[in-house]
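So the structure is just underneath, and the comments pick up after that.
Every number here is computed from the coordinates shown, using simple stated rules; none is lab data. Predicted model, so just to flag it, every value in this text is computed and none were measured. When we count neighbours, we look across all protein chains shown, and the Cβ atoms used for this are built from the backbone with ideal geometry, even at glycine.
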């Protein structure tokens, strides 16, 4: 088929994806359906993984794949980073979403801010009646913000216990938290109330087959194709990191349009390994992907010490190296080294195979190598 005009770019690198653009994570959707549809008792969950893994997109689309009996209301806790009215302000944000979803009047704002726990409890009881045969999932995204708000004394230490109390009111209510950590990684005792009752679900990398599917079939009308070797090269560079896969596809389509219709250089409608190599040697890829790269790097500054030291050293070994080599490079004590390596592996940053340590995402390794000067000022 002759292509006579620029290809509309089908890859999505902006806000969370909804509707037809959403890449269904079948394994995760299946698990959520089992917990929310097939069980008589709703189960609260926590979706965890690095930024740009697709957690928010899952929360925004899960109702479409769980059936009409599930009502999901979504609240991004980052929007509450500077609250001044305590948990009443959090409950106000949640009740606004419930009201819109159920076409149900919200509680009185003054009453909610003055008596937040009692007013929101009464409101939930009324909302439960409005649900009829439906079930309500309250999705709280970026849930590590709760810890920050508690530490800043903008929320009381018993906030999580209060949320758990709302869940215990009815089998029709559950929470879905999404963020960078599992609840068990949170540092304070105020998360203990949810430990025994929340199912952790890792949102990780796409496998090779799903990565190929995303690249080759971003929509039914996509007119370009890939050599199998090009798709394998993208997988090897990204390890199936969803955002980076989409970003490479996006830049490849833009490269095609530029060559064909801006430069007037006729070319085949097939992406090759040479096309992929041309993209990854341009600074634009790392500039566009900086939110993901800096997010992973910033998380490595939390929890176990020594993580960033390990990443700095390991970045110079594209094929990986041994623990002994990393210990020699970093000078970390063995116990600190082991804790840091365990954390990096749990967070999908590094992989250890038969004693060989390496970066999971090759593009992140290259970003670390290319940004050494930034580490001096404590990025």
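Brief remarks on what is shown
- Within the chain, percent of DSSP bridges classed antiparallel, to nearest 5: 15
- Label-to-label distance, nm, for residues given as residue 97 and residue 37 (7 Å Cα→Cβ offset): 2.1
- The angle between the Cα long axis of helix 228-238 and the longest principal axis of the Cα atoms of the chain comes to about 60 degrees, rounded to the nearest 10.
- The calculated Kirkwood hydrodynamic radius for region 26-202 is 16.3 Å, given to one decimal from all distinct C-alpha pairs.
- Rounded FRET efficiency, nearest 0.05, which uses the C-beta distance separating residue 269 from residue 319 and R0 of 30 Å: 0.30
- Förster-model FRET efficiency, 22 Å R0, residue 254 and residue 358, C-beta, rounded to 0.05: 0.15
- On Cα atoms only, tilt of 55-66 relative to the major axis of the chain in degrees: 70
- Alpha-carbon spread of region 167-253, three principal axes, descending order, Å: 53, 29, 20
- Cα-based radius of gyration of region 208-288 once divided by 2.2 N^0.38 Å, which approximates compact folds: 1.03
- Placing R0 at 35 angstrom, the Cβ-Cβ distance between residue 222 and residue 281 gives a FRET efficiency of 0.90 after rounding to 0.05.
- Computed from label points 7 Å out along Cα-Cβ, the spacing between residue 262 and residue 346 is 4.5 nm.
- Taking 95, 68, 197 and counting other C-beta atoms within 10 Å, the order from fewest to most: 68, 197, 95
- Shape class of region 300-376 from the alpha-carbon gyration tensor: rounded, with the ratio a/c of largest to smallest axis under 1.5.
- Residue-averaged [θ]222 nm for the chain, counting only DSSP H segments that reach four residues, each worth -39500 (n - 2.57): -14000 deg cm²/dmol
- The ellipsoid that matches the Cα gyration tensor of the chain has semi-axes, each √(5λ) in whole angstrom, of 39, 29, 18, with the longest given first.
- Antiparallel bridges, percent of DSSP beta bridges restricted to region 26-202 (to nearest 5): 0
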